[in-house]
Structure formats: structure tokens, C-alpha cells
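Report on the following structure.
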Amino acid sequence: MGDYILAHDLGTSGNKAVLFSADGRLIGSMQTGYGVFYERKLWAEQDSEDWWRAVCTSTKKLLAQYNIAAEDVKAVSFSGQMMGALPVDKNGKPLTRAIIWADMRAQKQSDMLREKIDDERFYRITGHRNTASYGIQKAMWIRENMPEVYERTYKFLNAKDYMVYRLTGKFYTDASDACGMDCLDLAGRTWSEEIVEASGISYEKLPKIAESVFYVGNVTKEAAKETGLSVHTRVILGAGDGVAANVGAGCIAPGKAYCCMGTSAWVASTSEKPVFDEKRRIVCWAHAVPGLYSPNGTMQYAGGSYSWLKQTICLDEARRAEDAGISPYELMNREIQKSERGAGGVLFLPYLMGERAPKWNEDAKGVFYGITAKTTRQDMLRSVMEGIVMNLAECFSVLRESSDIEELTLIGGVAGSDIWQRSIADIFGVRVHVPVFTEEANSIGAAVIAGVGSGLLKDFSAVERFLPGREKILYDREAHRFYKGQMELFGEVYGALMPVYTKKWEDAGKGDKEQ
């Protein structure tokens with residue numbers, strides 16, 4: 001007997017079900033994977049039935065493994081991948097595969113919106129840029145390219161919203177996923193009449209917006225049979241994954257921020273009002289905590305750049321790590337520690353796939369700068385780490401323009417590494433906290449949302465129960481002063497390369513031929 005909370009983190013590669021006790025103890029987790037369909041250039045789709053099967057399978061296995069009675073799971077909620085579009089009919093039946101966040105086919109539709117609403121106006125309404133990444137542009141693509149599907153569409157849903165429908169039979173979205181549709185009036189947390197009308201999408205095809213803690217209903221009898229849950233389990237709406245992580249990292253009040261390091265990476269803070277950057281360097285989400293907002297700077301290929309390093313320059317570490325049964329990144333981090341701060345004068349611009357915040361330059365390229373005859377292999381490795389952190393620090397400095405940020409929680413793939421922790425603290429110039437569970441922020445956020453929405457938890461401050469024993473790293477002031485100079489050079493190198501970024505390989509040498 002007991003009171004338990006079930007959190008589902010519905011990601012791109014799979015669903016992770018995590019069970020918590022109401023007092024914040026992590027009981028156990030279960031992962032179920034699924035695939036992505038890349039059938040055409042710029043397309044990325046998933047089968048929503050795969051999401052549902054993953055939720056059902058992971059729930060049943062998790063409860064069975066830990067011998068938890070269905071009646072003891074008092075609430076369930078979701079952290080879900082954002083910025084997608086799944087059209088469903090009145091009976092909730094999907095009409096196509098889900099077009100997910102990584103799909104970029106709707107570039108024409110983004111341009112069509114831009115003809116009616118200029119970029120500055122669009123950003124001032126939504127807190128986001130008008131790009132093909134978002135949901136309303138994908139819905140427009142469906143209307144223009146699959147008119148019969150559009151006509152039959154009752155609602156466009158995101159991943160977690162479809163799971164909520166499968167559990168309750170009700171159609172809702174929360175304010176964070178509404179942001180990901182790119183047609184939310186951010187200040188009012190309602191659909192923007194101006195953008196929706198410009199898009200040509202019918203209002204009726206957009207779900208009702210509620211806050212993340214909204215109690216949608218109980219699990220239906222049919223869903224209880226499929227998932228192994230009880231009809232007494234309360235379903236709480238939940239939030240998009242990046243915003244759920246805000247809660248799971250303990251960033252529930254102004255002055256707190258977090259950094260998540262994965263293939264992409266981002267820094268996000270918490271504010272009482274929407275933050276609109278004059279240069280549109282960052283975006284701003286509706287926070288999972290009702291009434292709050294989350295300014296955010298997302299880097300395109302952070303951990304991805306480190307992974308590239310492993311697959312190219314660090315093949316020896318990869319082989320030795322496999323023989324030793326350890327992570328190659330552990331060996332790479334050891335090599336980095338052999339280089340002094342500043343990487344022997346080598347700078348790395350980590351733009352292997354262009355860049356989002358704060359540059360927003362799809363033509364930007366990766367660069368090693370400052371290599372000399374004295375440069376060591378360890379210097380080059382360290383420069384990659386420092387370049388990733390410096391770009392994130394540029395995003396962080398934009399967040400600091402609107403908020404006095406006192407601390408940063410570090411989560412994700414590198415959070416357990418001493419050298420990465422130290423570099424982030426020193427380059428950012430901020431106190432860094434590292435939680436015990438560095439990979440569970442999304443799930444912790446969803447669990448706290450479920451607890452607050454169901455009444456099991458009094459308020460969001462209860463997240464502290466879920467974050468035991470956080471390690472604190474203070475930054476070195478001398479090191480921070482040093483890195484300020486490095487960051488100035490980092491910016492100058494990028495600026496100097498701007499004129500050549502747009503040049504194509506096939507254009508090289510044309511000037512000589514013309515002479």
C-alpha cells in the first residue's frame with residue numbers, strides 16, 4: 001500500500017516510465033523504444049500507435065517489476081516531445097503519422113506566414129521565431145498537401161496530448177505545448193487570433209489550452225485494461241519536455257536557471273513575465289508553473305559536436321573504452337584534463353550543423369582556430385569542450401540581461417563529469433548545482449506536475465523532495481576573468497568568418513577563372 005506517482009517522458013527515441021513515491025523517492029523506471037520514419041528529405045515522422053504501445057508496455061512492466069497495485073498509482077502525467085502535429089478525427093483516430101519536431105518540410109508555409117506577419121511582430125506575439133520547426137506551419141502543410149486529411153481533422157495534437165486523450169477521451173493541450181504550435185499569444189496564454197487567422201487553420205482544429213497541472217479526468221475503463229492502471233488514477237495534463245525539465249531541475253522561481261546537455265543543449269531560466277529579446281537571440285516558453293515563463297537559448301549541436309569528436313579524432317579512445325567496458329567520453333575527459341584552460345590558444349566554433357541561439361545562422365560552420373606547431377591533441381579536445389560551453393555562455397549572458405540569475409542546475413549527459421562541471425561554472429561565472437539524478441529532470445518535472453495537479457503535493461516547492469543531495473560547485477573568479485577574454489576572441493573569430501560562411505564549395509576558385 002502507498003501513494004505513487006507515474007511519470008512518462010515521451011521522447012523521440014522512446015518512452016521512459018518512471019515511478020515515484022509521493023514523498024519524492026524514485027522507485028524505478030522502464031524504457032520502451034520506437035523508431036522514426038525518414039522517408040523523404042526534411043521529413044521526420046512517427047507512428048502515434050507506437051507511442052501508445054510504449055506507454056502501455058512500460059507501465060505494465062514497471063508496476064509488475066516493483067509489485068505496485070494499480071490502485072496505489074494515484075496520478076499520472078507526461079513530459080512530451082514538442083513542436084509536432086498529429087491530426088486526429090472526432091473519435092481520436094490518427095489520420096496520418098505524427099509530423100515531429102525534427103521535420104522541416106513546412107518551409108514554404110513559414111514563408112507564407114511571413115508575408116502576412118513580419119518576423120518582429122511574430123516574435124513579439126509568440127516569443128518564438130517563425131520557422132518550419134513548429135506545429136502551425138506543419139498543420140498548414142497538411143492542409144495544402146493533404147486536403148482530405150485536413151477536412152477530416154478534428155484536432156491537431158502533440159505527443160503528450162494524444163496520450164492524455166488515449167487515457168481520458170478528452171482533448172487538451174497545455175500552455176507550453178501551445179507555444180510549440182507557434183501560434184500562442186504568450187502574454188495572454190491563449191491562441192493568437194492574428195496568427196491563427198493568417199495561417200488559415202480553423203480555430204476548431206486547435207485543442208483547448210489549460211495549465212500543466214490541469215486535472216483532465218480519470219483513466220477510462222478501456223485505457224485501464226490496456227495500461228494496467230486503475231480507473232481511479234487521475235490524469236494530469238503535463239508539459240512539453242523542455243519545460244517539464246525546468247520543474248525537474250528545481251527552476252520554479254525567478255533567479256534560478258538550468259542547463260541541459262544532450263545532442264542539442266539549452267540554458268533556460270524562470271521569469272514572472274514574458275521575455276522578448278530585442279535581437280531575437282532567445283525564445284520564451286510558457287512555464288509549467290502557472291503564471292511563470294521560461295526564457296530559453298537552445299544550441300543546435302552541443303553534445304553532437306562532442307560525439308563528432310569521438311567518431312573522428314578520438315577513435316583510439318573509443319576502441320580502448322570498448323575493451324575496458326567504459327564510456328569513451330570518460331577517456332576523452334581524462335585527455336582534456338591534460339590541457340590547461342584556454343586549450344593552448346585553440347578555439348573551436350561548434351557550428352557543425354549551423355546554429356540556433358544566439359546566432360540563428362544556418363550557414364555557420366565548425367572551425368578550429370589558433371592551431372600552431374605547439375598545439376597538442378589534448379588542446380584540440382579541450383577546445384571542443386570550451387567552444388561548446390562558450391556558445392552556451394553567450395545564451396546564458398542574454399538570459400542574465402533580464403534576470404539576476406544566482407544559480408544554475410546542470411543536467412544531461414555531461415553533468416557527471418568534473419571537467420565539464422568546472423568549465424561551465426568558470427565560463428558562465430555562476431554557482432552550479434548537480435543533482436543526484438542528472439538524467440531524470442523531465443520525469444521529475446512530470447511527477448511534480450502530477451502531484452500538484454492531483455493534490456498529492458501542496459505546491460511546486462515540493463520538487464525539493466525529489467532532488468536529494470545536490471552537489472554545489474563555485475566558480476573560480478580568476479578563471480572567469482580569463483574566459484571573458486577568450487569569449488571576446490570567440491565572438492571576433494565568428495564575426496570575421498561571417499562573409500565566407502555563405503560561400504559554397506562549388507563557388508571556390510571562380511574568381512581566378514574569370515581573370
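Would you tally the residues in the range 220-263 being touching a residue at least 60 places away in the same chain (Cβ under 8 Å) and over 23 Å from residue 471 (Cα atoms)?
Result for the range 220-263: 16.
Can you tell me which condition residue 397 does not meet? The list is (1) in contact (Cβ under 8 Å) with a residue 24 or more places away in the chain; (2) out of contact with any Cys (no Cβ under 6 Å at 6 or more places or on another chain); (3) closer than 15 Å to residue 266 by Cβ, and all the others hold.
(1)
Could you please find all residues in the range 439-477 being open to solvent by less than 30 Å² (accessible area, probe 1.4 Å), closer than 11 Å to residue 410 by Cβ and under 23 Å from the mean Cα position of the chain (by Cα)?
Answer for the range 439-477, where residues must be open to solvent by less than 30 Å² (accessible area, probe 1.4 Å), closer than 11 Å to residue 410 by Cβ and under 23 Å from the mean Cα position of the chain (by Cα): just 441.
Does residue 114 satisfy being open to solvent by 10 Å² or more (accessible area, probe 1.4 Å), in a loop (DSSP other than H, G, I, E, B) and of a type in the set (D, E, K, R)?
no
How many residues are within 20 Å of residue 294 (Cβ to Cβ), under 20 Å from the mean Cα position of the chain (by Cα) and not in a helix (DSSP H, G or I) when one looks only at the range 408-438?
10
Give the residue that is nearest to residue 74 (Cα to Cα), with candidates limited to residues of the range 24-45 that are in contact (Cβ under 8 Å) with a residue 12 or more places away in the chain, out of contact with any helix residue (DSSP H, G or I) (no Cβ under 8 Å at 6 or more places or on another chain) and not hydrophobic (A, V, I, L, M, F, W, C).
Going through the qualifying residues, I end up with 45.
Please specify each residue of the range 318-346 satisfying the condition of being part of a helix (DSSP H, G or I) and open to solvent by less than 50 Å² (accessible area, probe 1.4 Å).
Residues satisfying the conditions are 318, 321, 328, 331, 332, 333, 335, 336, 343, 345.
What pairs come up if the first residue lies in the range 151-180 and is more than 12 Å from residue 214 (Cα to Cα) and open to solvent by 30 Å² or more (accessible area, probe 1.4 Å), the second is small (Gly, Ala, Ser) and in a loop (DSSP other than H, G, I, E, B), and their beta carbons are under 6 Å apart, counting only those six or more places apart or on different chains?
Taking only residues 6 or more apart or on different chains, the pairs are 165/92.
Could you count how many residues in the range 364-394 are touching a residue at least 24 places away in the same chain (Cβ under 8 Å) and open to solvent by 40 Å² or more (accessible area, probe 1.4 Å)?
Counting residues in the range 364-394 that are touching a residue at least 24 places away in the same chain (Cβ under 8 Å) and open to solvent by 40 Å² or more (accessible area, probe 1.4 Å) gives 9.
Please specify each residue of the range 278-299 satisfying the condition of being assigned to a loop (DSSP other than H, G, I, E, B) and hydrophobic (A, V, I, L, M, F, W, C).
282, 288, 289, 292
Among the residues of the range 8-65, write down those that are open to solvent by less than 60 Å² (accessible area, probe 1.4 Å), small (Gly, Ala, Ser) and part of a loop (DSSP other than H, G, I, E, B).
Passing the criteria: 11, 22, 24, 35, 44.
Select from the range 411-426 the residues that are touching a Phe, Trp or Tyr at 6+ places or on another chain (Cβ under 8 Å) and open to solvent by less than 20 Å² (accessible area, probe 1.4 Å) and list them in ascending order.
Answer for the range 411-426, where residues must be touching a Phe, Trp or Tyr at 6+ places or on another chain (Cβ under 8 Å) and open to solvent by less than 20 Å² (accessible area, probe 1.4 Å): 411, 417, 425, 426.
From the residues in the range 301-317 that are within 28 Å of residue 491 (Cβ to Cβ) and of a type in the set (A, V, I, L, M), which one is surrounded by the fewest Cβ atoms within 10 Å (Cβ to Cβ)?
313
Just checking, does the range 261-271 include any residue being more than 30 Å from residue 332 (Cα to Cα), out of contact with any helix residue (DSSP H, G or I) (no Cβ under 6 Å at 6 or more places or on another chain) and open to solvent by 10 Å² or more (accessible area, probe 1.4 Å)?
Yes, there is a match, as at least one residue in the range 261-271 is more than 30 Å from residue 332 (Cα to Cα), out of contact with any helix residue (DSSP H, G or I) (no Cβ under 6 Å at 6 or more places or on another chain) and open to solvent by 10 Å² or more (accessible area, probe 1.4 Å).
Somewhere in the range 481-492, is a residue of a type in the set (Lys, Arg) and either within 24 Å of residue 378 (Cα to Cα) or under 22 Å from the mean Cα position of the chain (by Cα) (or both)?
Within the range 481-492, one or more residues are of a type in the set (Lys, Arg) and either within 24 Å of residue 378 (Cα to Cα) or under 22 Å from the mean Cα position of the chain (by Cα) (or both).
Does the range 272-287 contain at least one residue that is open to solvent by less than 20 Å² (accessible area, probe 1.4 Å) and within 15 Å of residue 248 (Cα to Cα)?
yes
Test of understanding: among 308, 266, which residue is in a strand (DSSP E or B) and either more than 26 Å from residue 119 (Cα to Cα) or in contact with a Ser or Thr (Cβ under 8 Å, 6 or more places away or on another chain) (or both)?
From the options 308, 266, the qualifying one is 266.
In the range 395-408, what residues are more than 23 Å from residue 129 (Cα to Cα) and either aliphatic (A, V, I, L, M) or crowded, with 19+ Cβ neighbours inside 10 Å (or both)?
Those that are more than 23 Å from residue 129 (Cα to Cα) and either aliphatic (A, V, I, L, M) or crowded, with 19+ Cβ neighbours inside 10 Å (or both): 405, 408.
The values are calculated or read from the model by the stated rules, or taken from the named source; none is laboratory data. Model, not experiment: these values are computed from the prediction. So basically every Cβ, Gly included, is an ideal-geometry build from the backbone, and we count neighbours across all protein chains shown. To get the accessible areas, we keep the full protein, side chains included, count just its heavy atoms, and leave off ligands, DNA and RNA. Shrake-Rupley method; radii C 1.70, N 1.55, O 1.52, S 1.80 Å.
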